[in-house]
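What follows is a set of notes on a single structure, which appears directly below.
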Amino acid sequence: MADAKLLEVEGIETCYGLSQVLFGLSLAVAAGEMVTLMGRNGMGKTTTVRSIMGLSSARAGSVRFAGQDIRGFPSYRVAKLGIGLVPEGRQIFPNLTVHENLIATAAGRSQSANAWTLAKVHELFPRLAERTGSMGSQLSGGEQQMLAIGRALMTNPRLLILDEATEGLAPLIRAEIWRCLSRLKREGHAILVIDKNVETLTRIADRHYLIERGRVVWTGTSRELAAEPGIQHRYLGI
C-alpha cells in the first residue's frame, strides 16, 4: 500500500436511533489505490459509505480525508472536498436529460489537463453520447449506472466511491463497468468499491476489507484473498 493515505476511517460507530450498525470500523484508501468493502447484505457496507459522506452521523471515531477530519461535515462539504459518490440505486435525476445530469453537479476543482469533461465522459461511455438528449427515466439500468459514474466523475473527485457497482446489471454491462474501473485505476484514481463479484475484484483491486455485523473481520491483498477460499465462504457466502 502506498504511504499517502487519502481516506482514513478510524473506529467509527454509527447508529440509526437505538440500533447500532457500525462498531469501531476502520479502513483506509491510499492515493491511486483501489480498495473494496465486501460482506453479505445488511452487514453495514452502505452505512459505512453514508458515514464517510456525512449522510449518516458517526457518533464516535474519525473520518479523515486528505489529512482533514471531516466527521460531522454535511454531505455537500464532503463532496466539495473531492469525494465523488455513485450511490446504491444510481439516483440519477429522472426528469433531466443525460446531458443535464452530467453537468448538474460538474465541478472544475481540478486544474489538470486530465480533468473530467463531457467529452472525456463520452469517450469513456460512448453510449451516453448517443443518449445525450434522452431523459434519465428513459435509460436502461446499465445506462443509468454509466450515467451515475459519469456524473460522479464530472465533479473531478480525488476519491470515487461506488456502492453496489454492478448490482442487478446484465453480464455485458457488468463487464463494461469493470473495464471502466480498471481504466480509472490505471490512470491513478483512488477508488473505494462495494460489490459482490469477488473473482473480478481480486483481479483488479489492490486490497479488500470484509465486514460482518458492522466490524471489519478480515483485510488483505487480492493475492491473499484469492488464496483463502475458506474466508470467502465464511464471510461472503461463496
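The values are calculated or read from the model by the stated rules, or taken from the named source; none is laboratory data. Values in this document were obtained by computation on a predicted structure and should not be read as measured data. Using ideal geometry, Cβ is built from the backbone for each residue, glycine included, and neighbour counts are taken over all protein chains shown.
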For the list (1) over 30 Å from Gly44 (Cα atoms); (2) surrounded by 19 or more Cβ atoms within 10 Å (Cβ to Cβ), I need the number of the one condition that Leu118 fails.
(2)
If Leu162 passes every condition in (1) modelled with pLDDT of 95 or more; (2) more than 20 Å from Leu27 (Cα to Cα) but one, which one does it miss?
(2)
Need a quick list: helices (runs of 4 or more DSSP H) entirely within the range 104-207 having at least 1 residues that are more than 20 Å from Glu88 (Cα to Cα).
118-124, 126-130, 171-186, 198-204
Answer yes or no: is there a residue in the range 85-98 that is buried (at least 16 other Cβ atoms within 10 Å of the Cβ) and free of Cβ contacts under 8 Å to residues at least 40 places away in the same chain.
yes
If I filter the range 204-232 down to residues being at pLDDT 95 or above and of a type in the set (Val, Ile, Thr), which single residue comes out as nearest to Ala165 (Cα to Cα)?
Ile204
Any idea which of Phe93, Phe23 is modelled with pLDDT of 95 or more and of a type in the set (Phe, Trp, Tyr)?
Phe23
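Looking at the range 208-217, which of the residues that are of a type outside the set (Phe, Trp, Tyr) and in a strand (DSSP E or B) is nearest to Val35 (Cα to Cα)? Show your work before the answer.
The initial filter retains those residues of the range 208-217 that are of a type outside the set (Phe, Trp, Tyr), namely 208, 210-217.
From the residues that got through so far, the ones that are in a strand (DSSP E or B) too are 208, 210-212, 215-217.
Values: His208: 6, Leu210: 11, Ile211: 13, Glu212: 17, Arg215: 16, Val216: 14, Val217: 15 Å.
Per the criteria, the residue is His208.
Kindly provide the set of residues from the range 179-230 that are more than 30 Å from Pro126 (Cβ to Cβ) and in contact with an Asp or Glu (Cβ under 9 Å, 6 or more places away or on another chain), ordered by number. Before you say what the answer is, go through the steps one by one.
Our first condition is that a residue be more than 30 Å from Pro126 (Cβ to Cβ); within the range 179-230, this holds for 207-221, 223-230.
Residues satisfying the conditions are Arg207, His208, Gly214, Trp218, Gly220, Thr221, Ala226.
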Quick one: which of Arg151, Arg158, Arg183 is touching a residue at least 24 places away in the same chain (Cβ under 8 Å), on the phi < 0 side of the Ramachandran plot and surrounded by fewer than 13 Cβ atoms within 10 Å (Cβ to Cβ)?
Arg183
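In the range 27-58, how many are more than 15 Å from Asp195 (Cβ to Cβ) and out of contact with any Gly (no Cβ under 6 Å at 6 or more places or on another chain)?
17
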Residues being surrounded by fewer than 20 Cβ atoms within 10 Å (Cβ to Cβ), closer than 18 Å to Thr46 by Cα and within 16 Å of the chain's Cα centre (by Cα) - total across the range 199-229:
0
